[in-house]
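Written out below as structure tokens is the structure these notes cover.
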């Protein structure tokens, strides 16, 4: 097993009732990943929105689109940020208690397994995710929901305050 995928396999293998779907994109081939436990499958591309409708948890790099899609379905997250805005998104996941986060440097199978256990067994993460899901539903549409989340997560750029500071 290689890299982060191997850690996910080891962590998920400890949770026999879970099914891991690992989408690896077009850079790797599934056979390059190595041995896969019985409760995991590896695919190049996965129907993320359909899977989130059935998911108990979403393990993510904390990209904003995946976060929005997970929250739209009321699914708590485990965030492993890697780059760019992902660190900020992960910080908001922790702050809003819609999931747990860990750094890539601090990631190992034991840590990921503990995070899975916590997110799956402490209702606060699902409750908070569902609360945001309800708020998204009341706003009629993902564009308004994206604005709501950008405001809640502190990602909104306010041009008027920038103009005031330049005056």
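Some values worked out for this structure:
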read-out	value
Residues that are at pLDDT 85 or above and closer than 22 Å to residue 105 by Cα, drawn from the stretch 1-19	none
Residues within the stretch 45-74 that are free of Cβ contacts under 8 Å to residues at least 60 places away in the same chain, surrounded by fewer than 21 Cβ atoms within 10 Å (Cβ to Cβ) and closer than 23 Å to residue 114 by Cα, tallied	7
The one condition in (1) surrounded by 19 or more Cβ atoms within 10 Å (Cβ to Cβ); (2) in contact with a helix residue (DSSP H, G or I) (Cβ under 6 Å, 6 or more places away or on another chain); (3) at negative phi that residue 37 fails to fulfil	(1)
Test: residue in the stretch 82-96 that is touching a strand residue (DSSP E or B) at 6+ places or on another chain (Cβ under 7 Å) and under 17 Å from residue 19 (Cβ atoms)	no
Residue within the stretch 31-54 that is modelled with pLDDT of 95 or more, closer than 20 Å to residue 128 by Cα and part of a loop (DSSP other than H, G, I, E, B) present	yes
Test: residue in the stretch 116-130 that is over 25 Å from residue 47 (Cβ atoms) and at pLDDT below 95	yes
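The values are calculated or read from the model by the stated rules, or taken from the named source; none is laboratory data. This one's a predicted model, so the numbers in the text were calculated from it and none came from an experiment. We place every Cβ from the backbone using ideal geometry, glycine too, and count neighbours over all the protein chains shown.
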